[in-house]
Every structure is written in structure tokens, then in C-alpha cells.
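Take a look at the structure below.
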Amino acid sequence: MTKAALHLAPVGAELKGIRDGFGQGLLEVAALDPRVVVLSADLTESIRLEGFAKTYPDRFIELGVAEQNMAGVAAGLALSGKVPFIASYAVFNPGRNWDQLRVSICYSQANVKVIGAHAGISVGPDGATHQALEDIAITRVLPDLLVVAPTDYEEARKVVHAIVAHEGPVYVRFGREKTHQVTTEKTPFALGKAQVLRAGKAVTVIACGAQVYDALQAAEKLKKNHSIEVVSVSTIKPLDAETLLKSVRKTGRVVVVEEHQVTGGLGGAVCELLSQKLPVPVRLVGVPDTFGESGAASELLEKFHLTPQGIMAAVEEVACL
């Protein structure tokens with residue numbers, strides 16, 4: 001699949017916030033579907049809910065710092081025919097209300113859309129208590145819950161439309177920092193489908209979220225020595241096994257990149273698939289069994305090798321196996 005066919009953004013495109021794409025998508029779906037309501041846990045501006053709150057005040061509920069109650073209220077609204085979005089930082093939603101997510105939402109098959117913002121270490125100075133590095137692991141084990149990590153602004157906007165059309169609970173995670181754009185308005189998107197953004201023959205690099213851009217940068221820097229295939233996995237659950245296995249059958253080596261613990265996240269999901277269907281050498285780039293820490297986002301990403309250079313090192317290592 002060519003770059004032109006995918007309509008990828010040009011290198012150097014404007015930095016934009018994934019959370020801003022979420023906020024824009026929310027306004028768009030609200031105009032189309034009166035069932036959409038939004039519940040906030042006292043973080044309206046941070047998660048870009050203020051536009052919705054001003055435009056649809058009768059469909060916006062501020063519950064304060066009460067994430068567990070927020071999940072229960074949302075479950076009731078969903079079972080009454082609404083399409084509720086519950087939004088907070090990922091350490092609190094789903095971190096603090098995991099029991100309510102499990103029982104009131106997933107077990108009840110309530111059509112709730114769970115938004116975990118400020119995920120990963122790039123929330124920076126807020127430190128370990130506010131850096132969700134376990135949220136993919138604790139959500140992808142819940143039955144019937146989709147887990148999504150949009151790549152950039154445009155994809156986040158499209159994700160909102162897609163999850164409203166999907167009947168059932170969904171968890172969406174994204175970070176705080178503005179990110180490089182990978183996709184455009186014309187780039188195709190579908191829940192449950194991975195996308196090969198760059199074709200290659202030597203190593204498959206699988207990434208989600210903002211790290212997709214870094215994976216593409218690493219592939220470009222290594223092109224003289226290695227032919228790298230880059231696969232964007234926005235839907236972590238259900239995993240697009242068909243696309244991933246097709247790529248790995250060609251390359252025979254894998255690097256997985258995510259702003260999350262290397263245990264239980266996208267890398268864990270990929271390894272579970274490959275161990276059963278196609279065992280090959282794999283290297284995981286992420287946070288290695290530790291909490292985050294305070295610091296500038298760029299410093300933390302470099303410390304944990306979540307940079308093009310860190311990905312390049314992992315590619316070089318696995319390519320020698």
C-alpha cells in the first residue's frame with residue numbers, strides 16, 4: 001500500500017493534540033446523535049470537553065472528583081438508551097474505577113465510551129501518580145471491551161465517530177502532548193483494522209499512538225541498511241491478526257513500540273498472537289516494569305527509549321537474530 005493511497009500527512013506537518021481531535025470529534029457526533037451525553041470528573045478543559053459543555057449544557061454532567069460514581073451513572077444512562085462518554089485521566093479512568101468498569105459496564109454490556117486522557121509518561125512533570133502505564137493491560141482483559149489508541153488528531157476525531165457507531169463498551173487512551181501528524185482527513189480508518197503505513201521486508205515495527213510517527217522516522221533513517229515495515233495498530237483489542245501475521249510472515253522479525261509498560265500492553269497482545277500462530281524473534285520498546293517519574297516529556301521519552309533512536313536500536317538488535 002503506497003503512501004499516496006493511504007493519504008499520509010507530509011513530514012513536518014503541524015503538531016496537534018490527540019485530545020484536541022477527540023474534542024472535535026465529540027462535537028461532531030453530538031450534532032448527529034442526540035443520544036450522546038458526556039460525564040466529566042472535574043477535568044473539563046484538560047480533556048477538551050469544554051466545547052461540548054458550552055454547546056450542549058443539557059447533555060453535559062459534571063460529577064466532580066468521583067470517577068467510580070461517574071462510571072455507575074454512565075452505566076445507568078447507557079442502559080436507558082443514551083450513549084455516554086466518561087472522561088478523566090487514564091490513571092483514574094479506568095485506573096480508579098476498574099471495578100465499576102468491569103461489573104457495571106462490561107458485565108452489563110452497557111454502551112459506555114471510556115476516555116483515558118494523559119496516558120503514558122509524556123504527561124511529564126505530573127509524575128508517576130498521574131502517568132498511566134498499565135491501562136492497556138487492565139482494560140484488554142475485560143470481556144467485550146474494545147481498546148483503542150489513536151495515532152494523531154485526525155485519527156482521534158475518526159475514532160469518536162467509529163465508537164459511537166459501535167454498540168458496546170470501548171476504552172480509548174491518548175496522551176497530553178501535541179504530536180506529529182501521520183494521517184489526514186482522507187486516510188482510511190476502521191475499528192479493528194491495523195494499517196501498513198510503510199512496506200518492508202526485513203523487520204516489522206508495530207506501534208500505537210504517538211509512537212507510530214517515531215516508528216516511521218526510524219524506518220526512514222534505517223532505509224539504507226534495513227527494509228522496515230511499519231504497522232499502525234490503533235485498535236489493540238480486537239487485534240487485527242490477519243494484517244499482523246501477513247506482515248510477520250514476510251519479515252520474520254518484530255519490534256513493538258508503545259508508551260506503556262512492556263508487560264500486558266500492545267507488546268503483550270502481539271506476543272500472545274505470535275506465540276500461538278507464528279513464533280519469531282520480538283523486541284519490545286516501552287517502560288520496563290517501573291513507575292514513571294517527573295520530568296520534561298522529551299526527557300522521559302528519551303530515558304525509556306521511546307524515540308526514533310530507541311526504535312532503531314531495537315531494530316538493529318532483532319535484525320541480527
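Couple of notes before you dig in:
- Selection status of LEU133, touching a Ser or Thr at 6+ places or on another chain (Cβ under 8 Å) and either buried (at least 24 other Cβ atoms within 10 Å of the Cβ) or at pLDDT 95 or above (or both): no
- Of all the criteria given as (1) surrounded by fewer than 17 Cβ atoms within 10 Å (Cβ to Cβ); (2) of a type outside the set (Lys, Arg); (3) part of a helix (DSSP H, G or I), the one not satisfied by ALA156 is (1).
- Strands (runs of 3 or more DSSP E) fully within the stretch 171-267 counting 1 or more residues that are among the small types (Gly, Ala, Ser) and not assigned by TED's automatic domain parsing to the domain that holds ASN97: 203-207, 228-232
- Filtered residue count, the stretch 122-140, keeping only those that are over 21 Å from ARG48 (Cβ atoms), touching a strand residue (DSSP E or B) at 6+ places or on another chain (Cβ under 9 Å), of a type outside the set (D, E, K, R) and not in a helix (DSSP H, G or I): 1
- On the stretch given as the stretch 273-295, residues that are in a helix (DSSP H, G or I) and surrounded by fewer than 16 Cβ atoms within 10 Å (Cβ to Cβ) total 3.
- Within the stretch 88-102, the set of residues being touching a His at 6+ places or on another chain (Cβ under 7 Å) and among the aliphatic types (A, V, I, L, M) comprises ALA90, VAL91.
- Of all the listed residues (LEU79, LEU27), the sole one being touching a Gly at 6+ places or on another chain (Cβ under 9 Å) and free of Cβ contacts under 8 Å to residues at least 40 places away in the same chain is LEU27.
- Within the stretch 29-61, the residues that satisfy the criterion of being more than 20 Å from the chain's Cα centre (by Cα), of a type in the set (Gly, Ala, Ser) and more than 21 Å from ALA75 (Cβ to Cβ) are ALA31, GLY51, ALA53.
- Extreme residue, modelled with the lowest pLDDT, among residues of the stretch 296-321 that are outside any helix (DSSP H, G or I) and surrounded by fewer than 19 Cβ atoms within 10 Å (Cβ to Cβ): LEU321
- For VAL147, the criteria (1) in contact with a strand residue (DSSP E or B) (Cβ under 9 Å, 6 or more places away or on another chain); (2) surrounded by fewer than 24 Cβ atoms within 10 Å (Cβ to Cβ); (3) not assigned by TED's automatic domain parsing to the domain that holds GLY286 hold in every case but one, which is (2).
- Residue-level check: of (1) of a type outside the set (D, E, K, R); (2) touching a Leu at 6+ places or on another chain (Cβ under 9 Å); (3) free of Cβ contacts under 8 Å to residues at least 60 places away in the same chain; (4) surrounded by fewer than 24 Cβ atoms within 10 Å (Cβ to Cβ), PHE189 misses just (2).
The values are calculated or read from the model by the stated rules, or taken from the named source; none is laboratory data. Note that the coordinates shown come from a computational prediction; the quantities given were computed from them, not determined experimentally. No Cβ is skipped: glycine too gets one built from the backbone with ideal geometry, and neighbour counts run over all protein chains shown.
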